[in-house]
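The structure appears right after this line, and notes come after that.
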Amino acid sequence: MEEEKIFFERHTTRKYLDKPVSKGLLTEVLTAATRAPSWANSQPWEIYVASGKKLEELRRAYLQSFENHEPHTQELSTPKVWPENIDNRIKKSFAESFKSMGIVRDDEAARYKNWKNNYQFFGAPVAIFLCLDHSLTDWSLFDLGMFANSLMLAAKAHGLDSAPAASSVSYPHHIRNVLDIPDNQKIIVGIMIGYADPEHPYNQYVSSRVPIEEVVHFRGI
Ligand SMILES: Cc1cc2nc3c(=O)[nH]c(=O)nc-3n(C[C@H](O)[C@H](O)[C@H](O)COP(=O)(O)O)c2cc1C
């Protein structure tokens with residue numbers, strides 16, 4: 001099916017062309033993404049789209065915090081220990097992506113450059129931050145995840161590339177200040193949008209997936 005291609009063409013894009021994305025195009029993408037399902041059609045997502053001067057202001061604040069080695073204060077927690085099979089996938093993914101990006105394990109400078117790129121929102125012209133009211137539960141987080149994937153697939157369908165990144169919400173106080181996000185909303189994740197720089201080594205990596213037999217458990221079929 002032609003539509004299925006979009007699933008295979010979306011990749012996390014870690015370097016963007018210096019080419020703006022129009023508000024009209026973003027509105028089309030966001031309109032499609034809000035067709036995502038949600039608990040009782042609650043549509044719990046609160047979406048902040050940063051571009052232009054606002055995004056530059058945020059990038060400057062992030063750069064300062066990154067260079068000062070400020071501790072991350074993401075508003076979602078990460079597991080202290082991952083289950084072994086998942087931990088192995090993560091390690092494999094880091095090894096494969098670093099190799100493909102041309103980053104050698106002991107090359108501190110190259111690793112630093114890569115991390116800095118993360119904290120500069122990969123040079124994307126647009127960063128979209130997804131937020132939820134503090135009182136909501138895991139069900140709404142589940143809804144937000146579906147919205148996030150719809151957003152990235154809709155972006156691809158409109159000729160745009162994207163990157164979801166936990167690193168982009170490492171310093172939520174800057175996002176809250178610069179984008180004027182109310183205190184009752186939790187800043188969950190950022191999704192960068194723009195046009196991929198096709199030549200850049202960071203964009204040559206195509207992630208693998210485990211065979212479906214490893215994660216799909218058919219019963220009675
Ligand atoms: C919630 C979430 C957080 C992520 N955070 C980062 C990040 O901080 N930096 C990064 O380079 N990629 C990040 N990624 C991208 C993943 O590494 C990527 O989705 C995965 O390796 C699969 O590759 P693909 O998206 O190209 O298919 C994140 C993805 C998700 C869904």
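Read-outs: derived from the displayed coordinates by stated rules, not from any lab. Everything quoted here is computed from the prediction, not taken from an experiment. Cβ sites come from the backbone with ideal geometry, for glycine too, and all protein chains shown count toward neighbours.
Sparsely packed loop sites in region 130-221 (the GluC sites (Glu not before Pro) outside DSSP H, G, I, E and B with at most 13 other Cβ atoms within 10 Å) comprise 199. Positive-end ranking of 8, 49, 64 along the dipole of the chain, with charges on Cβ about the Cα centre, is headed by 64.
With the simple model of a label 7 Å out from the Cα in the direction of the Cβ, residue 180 to residue 34 spans 1.9 nm. If we count other beta carbons within 10 Å of each Cβ, what is the order of 140, 22, fewest first? Sorted ascending by nearby Cβ count, the order is 22, 140. Estimated from helices alone, the mean residue ellipticity of the chain at 222 nm is -13000 deg cm²/dmol (sum of -39500 (n - 2.57) over DSSP H runs with n ≥ 4, per residue).
Peptide packing: for 85-97, 167-179, 39-51, the average count of neighbouring Cβ atoms within 10 Å per residue gives the ranking 167-179, 39-51, 85-97, highest mean first. Legend: ranking of residues 107, 161, 183, 197 from fewest to most surrounding C-beta atoms inside 10 Å; resulting order 183, 107, 197, 161.
Give the relative contact order (percent, whole number) for region 2-205; include only Cα pairs under 8 Å separated by 6+ residues.
Details: 299 pairs, mean separation 85.2, N = 204.
Relative contact order for region 2-205 comes out at 42 percent.
The alpha carbon convex hull volume per residue for region 172-221 rounds to 206 Å³. Three semi-axes describe the equivalent ellipsoid of region 79-203; taken as square roots of 5 times the Cα gyration tensor eigenvalues and ordered largest first, they are 26, 19, 16 Å.
I'd like the antiparallel share, as a percent to the nearest 5, of DSSP beta bridges with both residues in the chain.
Working: 20 of 21 bridges.
Of the beta bridges lying entirely in the chain, close to 95 percent run antiparallel.
Whole-Hz Karplus values for region 124-141 come out as 6, x, 9, 10, 10, 9, 9, 10, 9, 4, 3, 6, 6, 10, 4, 4, 6, 5 Hz, taken residue by residue from phi with 6.51 cos²θ - 1.76 cosθ + 1.60 and θ = phi - 60°; glycine and proline positions read x.
Expressed as a rounded percentage, what relative contact order does region 104-221 have, with Cα pairs under 8 Å and six or more residues apart?
On the way: 107 pairs, mean separation 39.4, N = 118.
This gives 33 percent for region 104-221.
Straight-line reach from residue 186: taking Cα to Cα under 23 Å and skipping same-chain neighbours fewer than 8 places apart, the lysines in range are 54, 80. Taking a straight line from the alpha carbon of residue 92, these aspartates and glutamates sit under 19 Å away, with near neighbours fewer than eight places off in the same chain left out: 84, 106, 107, 213, 214. When each of 142, 66 is scored by the number of other beta-carbon atoms lying within 10 Å, the sequence from fewest to most is 142, 66.
Within the straight-line cut-off of under 18 Å between alpha carbons, the lysines reachable from residue 156 are 5, 15, 19, 23, sequence neighbours fewer than 8 places apart in one chain being disregarded. Compactness of the chain, taken as the C-alpha radius of gyration over 2.2 N^0.38 Å, stands at 1.04. Scalar couplings 3J(HN,Hα) for region 46-54, obtained by applying the Karplus form with A = 6.51, B = -1.76, C = 1.60 to θ = phi - 60°, are 10, 10, 10, 9, 10, 8, x, 4, 5 Hz; x denotes Gly and Pro.
Where the centre of each part is set by its Cα atoms, how far does region 151-221 sit from region 5-36, in angstrom? Cα centroid to Cα centroid, the span is 11 Å.
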